[in-house]
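Below: the structure, in structure tokens.
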Amino acid sequence: EWLSHSLPYHFVTGRVDANIETRAINVISKLLSSPSSPSNQIVANCTLLACVMVGAQFDKKDVARIDKSSALPRLAESLLAQFQKALWTCDGGNIDRDSTGVARRAWNLLKVICRILELTQNYYCIPSIHTMRNLDVCRKIYSRARSSEQNHPWAMPDALRNALHFTFAAARVSRDPAQLWYTYSEFRWTGDSHSPEDFDWLVDYLDYIDCDDHETAYDILLLLGVMKVRCSPAKQHQFIEGLIACMNSDMPHKLRHAALRAAHSAQEEMASIDTIDDASLRDMVLTKFSPAILSAVRPQPGATSADDDPDCFFHHDRDLCYLELVFALARNPNWHPHLCGDSHIDRCISIIADCHFVLHAFYLAGILLRIAPDHTSVTSLNSITERQWWDVMRNAWFGVYHTTDDIHCFELLPVLVEGTKKYMQIASEWDLEGLIGSVSHVLQTLEGRDSEQGGGEGVAIAVKELRTVASDMLEKLIKSKEAISP
């Protein structure tokens, strides 16, 4: 701890050599990697030390203060801003021409910078807006790793991994597998334009790494999934093959689930399978992608029923991602025989009892209603009871309100109306009251949407008709009960 306080003096006064730089990095690493959580004072000492190493702005009074914890918010913001700039000058690790030493220090600090940012993340509230530039650093490191330009080739994989982790940390995107389903696109872009070709190197990187390097594969898939970026058509075949391989049942759960998340981000391309010109790619997607999706969510040997087991039979967030993806595929009739033949319908039926959550039920209803009319001979579809159909229909309406802004969900409403009419004959008085309330809420949303955007009048009319039918049915039910009562 004393060294973390005294070392900044060496950098401020210019009394620095390679040994001092190495010692500073080792001190930061040792203090911040201890099993017990470091104190704010130690975190502040290490943050200031990193700041002076990369030339970040700081108050010189902070160097003399014994307890620097009050300066943490200012130091964390300054370190993130300056470290990025220093890293951009590293030219993918080509730091031999660095005259100031700042780029070299930033390069060496890659080993510990993510730990500093992790401990100070509450002090820099706004994620970095320079994700594309940070990724460009990663791309350059990857290019040098694949070439013969670097002097220390064995160090490049670690540097690339650390640079990727820094990109996540700067954007405040968690790498924790437990947070995978809750991590939405925090990446913020500057005005710099970017094209699908800018991300092709990530697909190449996924193919380049060793097949058992699951940690790096996880990082790549997390990037592609959370960023919702697209690779170029030239890399699409390679990308999908990589997804399929990572969703294999013998892969660790976090890798299978990261691949499922990335596949979910690419669901529109997968759903539009008939627009793919490459016949071999189209055939590969239809025959291999569908069973791979199921492998990603199917319970594995040794899985428990505990909610916190990522491989449990039903996982709220994992299965919502799965249902949204299958829902998208089910829009295209070309996918129907594969979804049936690869046991997705069996999977959907098996989780009906668990899908009382509003969005789960909506997507489940969409899948079954779209596929059932064309596949009446499928045994599993015929096994769905009236009660199960009705449970799915009534629960689906609770989720409609959350989906009307999605055009594909909006297009399902007339089908959902007809399905609900068909299976509502066994509804109880309580069921009908809940349905009428949900439908009325949806109708109010649709009418507001029509007044603002226009269009959709036919959908609103169909929904209004369902409310009338449900209201009439409820009225008859109440009257029949009154007639029976003494």
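The values are calculated or read from the model by the stated rules, or taken from the named source; none is laboratory data. Predicted model, so just to flag it, every value in this text is computed and none were measured. Quick reminder, even Gly has a Cβ in these numbers, built from the backbone with ideal geometry, and neighbours come from all protein chains shown. These area figures cover heavy atoms from the full protein model, side chains too; ligands, DNA and RNA do not enter into them. Shrake-Rupley method; radii C 1.70, N 1.55, O 1.52, S 1.80 Å.
Sorting 356, 315 on solvent-accessible area from highest to lowest, probe radius 1.4 Å, gives 356, 315. Longest stretch of the chain clear of exposed loop sites (trypsin sites (Lys or Arg not before Pro), DSSP loop, at most 16 other Cβ atoms within 10 Å, sites excluded): 229-486.
Note: relative contact order over the range 202-323, using C-alpha pairs below 8 Å and six or more positions apart, is 24 percent. Inter-label distance, residue 60 to residue 37: 3.6 nm, where each label sits 7 Å from its Cα along the C-beta direction. Among the protein heavy atoms of the chain, carbon and sulfur supply 51% of the accessible surface, probe 1.4 Å, non-protein parts ignored.
Ligands, DNA and RNA are left out, and with a 1.4 angstrom probe the accessible area of the range 217-289 is 36 Å² per residue. Among the lysines of the range 1-145, pairs at least eight places apart or on separate chains and with Cα atoms under 27 Å apart come to 14. A helix-only calculation puts the chain at -20000 deg cm²/dmol for mean residue ellipticity at 222 nm, using -39500 (n - 2.57) for each DSSP H run of at least four residues, averaged over all residues.
Across the range 380-465, the mean sequence separation of Cα contacts (distance under 8 Å, 6 or more residues apart), normalised by length, yields a relative contact order of 36 percent.
Once C-alpha pairs closer than 8 Å and six or more residues apart are averaged by separation and normalised to the residue number of the chain, the relative contact order reads 7 percent. Taken per residue, the accessible surface of the range 1-141 reaches 48 Å², heavy atoms only and a 1.4 Å probe.
Distance between the 7 Å Cα→Cβ label points at residue 426 and residue 3: 7.2 nm.
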